[in-house]
Amino acid sequence: MTQKEALDILKLGHNVYLTGSAGSGKTYLLNQYIDYLRKYDVPLAVTASTGIAATHLNGMTIHSWSGLGIKDSLSESDIDDIESKKYLYDRFQNTKVLIIDEVSMLHHFRLDLVERVVRTIKRNNLPFGGIQVILCGDFFQLPPISRSGEPESHFVYMSQAWQDMNLKICYLHEQHRQADNDHLLSVLDDIRTNNVTEKTLEHLRSRYSKSSLGGDSTKLYTHNADVDNINNRELAEIKEGERKFEMTTRGNPNIVITLKKSCLAPETLYLKKGSFVMFVKNNYESGYVNGTLGKVVDFEHAGPVVMTKNGKRIVASPDSWAIEEDGKVKAEISQVPLRLAWAITVHKSQGMSLDAVEVDLSKSFEPGMGYVALSRARTLKGLTLLGLNKTALQVHDKILLFDKELITQSEGLSKGLQNMDKGEIKELQEKYLESVAPKDGKKKKKEKVSTVDQTLVFAKEGLSLKEMADKRKMTIGTIISHLEQLVEAGKLDPAKELKHLRPDTMRMSKIEMAFKVIYDKTGSAALSPVKTKLGHGFSFEELRLARLFIKLK
């Protein structure tokens, strides 16, 4: 199934299991649907089975969202206690769409507990009380980890909730990480289909090394102790002055603690010139994604300067991770989006695309671990294999059978969608959107004005970007997005009502000239080529703001 087909199915309001091999674009598609829902102010909950996965979507763990915490069972008293908390009661009543990412690591019994809580409090016998639920993941990835004393754990598809939800299976088949002409894809497919042959092993042996090659590659290990030792040792060997970057926070203290634990950027980041680093966030406009590798070559006021492996110079200015609910930021942390990259654990590497990877799988202890580690690499050429055991190339037998069933269901769904009239699909999507988007009534009266129009009021009052962001509890980037919408809609006149936000004359002149040169060449006012032309002394936020004052046509 293509991403476009899957997005069409999501927009129809079905409960969905979104899956596909590593690099098929599952998180990207989720973000597309999230943006679509937020455009129409649809109340949604963005969650994941782990904190690290949740930060990729600016969400929270499903355990936190549901009020379940670490409980592995629920009594009637427990449910009454959850219902007595007004914020949880209101959360369940208002939510129209629930997204749960990385469900391979979610225990089957926990999904049932969450479903029971939501259905009970919503006083509705439909699964999850009638909320649209999107589960996302890949059962070939890491399975749920059971703690001592917990019930026997199974994959989430063994839950009663899975059986009851009538899930539509969207199995993405496009590949966006590995190169099509690289043998790594065939290696991963062989592992995924339990068809590891001599040819598969031959490809892997071609990447075998008895010792680390060093240089610009990231080592993946199964244990944290190995990772910490390597990173600390390598940093200590660099004979340069050390710089320290501290994380800043705002919002609910308890949620901030959760964010800190989930974020791959450390609370205190120590760097030197020559440090080997990786970006730990996606920022396509700035030219990096989660897993982009490079070396620190300098330091500027805006942050460390990183030279990536493909020769791109990027200023790693602080970025933010936030947990949002109902369009409001509940908590936010800000840090330079980097971590030392000589080594990282297999677990923390999930979701990353690495250009150069050294993998030691000699201590693999769980089927699927090797598949996860190998699939972090973009190409076989970028892979160095330091060790391997039999477990590393194994996958769960039950998953092999279940995966074939999922593919069959997805193919049938895709064919059915192709046979539907496009006009009918659009009509059904609009009907579903009308059923979940806020209507004129109590909610609208309570909000009084839309979130964008609230920014309009503050802009007309002459507030600075920071003042607006603080008052709205939003990032400056979000505020600029609002201003762009307002200018495009004709609700704001930049020359009259935003002149207090205009960059100073000299910088504005340089920016305007760059935009006009690029526009004359390409007919586009895209930011990236303008940023490239101006250099690292100009931020994307400044360029977006300046663009409001520039007339190119």
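Some observations on this one:
- Rounded to the nearest Hz, the phi-derived 3J(HN,Hα) couplings of the stretch 329-337 under the Karplus curve 6.51 cos²θ - 1.76 cosθ + 1.60 (θ = phi - 60°) are 7, 7, 7, 8, 10, 10, 7, 4, x, where x marks glycine and proline.
- When +1 charges are put on Lys and Arg Cβ atoms and -1 charges on Asp and Glu Cβ atoms, the dipole computed for the chain relative to its Cα centre reaches about 1620 debye.
- Above-threshold pairs, the threshold being 24 Å between Cα atoms, out of Lys273/Lys381; Lys309/Lys510; Lys261/Lys471; Lys295/Lys533: Lys273/Lys381; Lys309/Lys510; Lys261/Lys471
- Shape call, the stretch 360-477: gyration tensor on alpha carbons, a/c limit 1.5: oblate
- Cα shape, the stretch 419-548, gyration tensor, a/c 1.5 rule: oblate
- Split the accessible area of the stretch 269-330 by element, probe 1.4 Å, and carbon with sulfur accounts for 46%.
- For the chain, the spherically averaged projection of the C-alpha convex hull amounts to 27.5 nm².
- In terms of distances greater than 27 angstrom between alpha carbons, the cross-link table entries Lys71/Lys168; Lys71/Lys348; Lys281/Lys499; Lys71/Lys244; Lys122/Lys168; Lys281/Lys312 yield Lys71/Lys168; Lys281/Lys499; Lys71/Lys244.
- Protein heavy-atom accessible surface, 1.4 Å probe, per residue over the chain: 47 Å².
- Interchain or long-range residues, amide H under 5 Å from Thr218's placed H: Ala356, Val357, Glu358
- Remark on Thr292: its backbone amide H falls under 5 Å from those of Phe279, a criterion applied only to residues 5 or more positions apart or on other chains, H modelled at 1.01 Å from N.
- Ranked by how many other beta carbons lie within 10 Å on average, peptides 237-246, 35-44, 154-163, 331-340 from highest: 331-340, 154-163, 35-44, 237-246
The values are calculated or read from the model by the stated rules, or taken from the named source; none is laboratory data. Just so we're clear, the structure is a prediction, and the values are computed from it rather than from any experiment. Methodologically, a virtual Cβ is constructed for each residue, glycine included, from the backbone with ideal geometry; neighbour enumeration extends over all protein chains shown. All accessible areas refer to the heavy atoms of the entire protein, side chains included, with ligands and DNA or RNA removed. Shrake-Rupley method; radii C 1.70, N 1.55, O 1.52, S 1.80 Å.
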